């Protein structure tokens with residue numbers, strides 16, 4: 001059995017990108033989904049990524065997670081530069097050091113809840129830590145559903161299974177792409193509370209892409225993108241503050257003269273988002289990637 005080496009204990013950032021550029025197309029059809037983004041995701045923190053449609057937020061997540069490659073720049077998980085890994089080692093890193101939660105639950109319908117949760121470990125040939133498994137099951141509130149199959153669960157319950165699966169391998173970082181997009185408001189609120197609670201209780205890092213200010217308010221910090229650029233960061237966000245910031249983008253003022261919460265810098269960006277609306281790529285097999293979705297979206 002081969003496993004990826006975890007980041008050194010105490011490493012300051014669970015993930016980060018430096019001068020990240022991602023270009024789709026050529027010539028007249030060229031679109032810069034990411035245009036020189038540098039951002040860190042501190043270890044043990046819950047960070048939300050927001051921006052107008054087409055701002056590059058999902059592209060950032062996919063490149064930071066090793067699901068897509070940058071045109072230029074660098075992406076790191078812990079101290080590992082993803083560009084130095086071949087396909088096999090990158091697959092091992094995603095399997096052993098990264099967890100994923102997507103809008104689609106990506107559960108295997110023929111497996112029970114317990115089997116879906118432990119699937120990444122089973123594929124890696126690892127024996128689940130029983131105490132950790134039990135803590136996760138109790139945290140997500142699925143003790144009485146372990147022998148059910150996904151078709152017997154509500155949408156909110158299925159996403160809770162996906163959250164438990166993402167954390168069961170004790171990853172360095174969990175990436176969540178619109179995890180409440182298919183849920184009603186009540187179920188979505190439960191999943192968001194669960195993500196935050198699980199991150200705090202396990203000491204793991206969560207990076208979540210969302211378009212919802214209420215969802216972003218569950219995070220410790222919000223990172224804002226516009227036109228493929230990092231334009232602001234907000235600590236201790238509230239739904240109202242996030243909504244006000246997003247309205248500035250949508251009304252055409254962009255991020256002009258917006259002070260960051262550290263008071264350190266103001267950014268100048270253009271107004272509006274690039275006309276780039278890419279669809280999601282094909283879903284990867286849950287076998288090799290535990291239901292991770294491949295492809296580039298913005």
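None of the figures in this text is laboratory data; all of them are computed from the coordinates on show. Bear in mind that the values here come from a model prediction, so they are computed numbers and not experimental data. FYI the Cβ positions are ideal-geometry reconstructions off the backbone, even for glycines, and counts take in every protein chain you see.
The average projected area of the stretch 1-157, computed from the convex hull of its Cα atoms over all directions, is 11.6 nm². A full extension of the chain between residue 115 and residue 182 corresponds to an added length of 21.9 nm, given 0.36 nm per residue minus the alpha carbon distance.
The modelled label-to-label distance for the pair residue 200/residue 122, using points 7 Å beyond Cα in the direction of Cβ, is 3.3 nm.
Let a ≥ b ≥ c be the square roots of the eigenvalues of the Cα gyration tensor of the stretch 122-184; is it rounded (a/c under 1.5), or, if not, prolate (a/b larger than b/c) or oblate? Intermediate results must be reported in sequence, preceding the final value.
Numbers: a/c = 1.88, a/b = 1.26, b/c = 1.50.
Verdict is oblate for the stretch 122-184.
Length gained on full extension, residue 129 to residue 211: 26.0 nm, using 0.36 nm per residue less the C-alpha separation.
Spin-label model, residue 235 to residue 71: label points 7 Å out along the Cα-to-beta-carbon direction sit 3.4 nm apart.
Centroid-to-centroid, using Cα positions, the stretch 48-72 and the stretch 198-221 are 16 Å apart. Every pair of different Cα atoms in the stretch 13-289 enters the Kirkwood calculation, which places the hydrodynamic radius at 19.1 Å. Applying 1/(1 + (r/R0)^6) with R0 = 41 Å to the Cβ-Cβ distance of residue 86 and residue 251 gives a FRET efficiency near 0.35.
Extension gain, residue 154-residue 170: 0.36 nm per intervening residue step, less the Cα-Cα distance, totals 3.2 nm. Each semi-axis of the equivalent ellipsoid for the stretch 66-137 is √(5λ) with λ an eigenvalue of the Cα gyration tensor; in descending order they amount to 27, 15, 11 Å. Overall form of the stretch 141-242: prolate. Here a/c, set by the Cα gyration tensor axes a ≥ b ≥ c, is 1.5 or more, and a/b is the larger of a/b and b/c.
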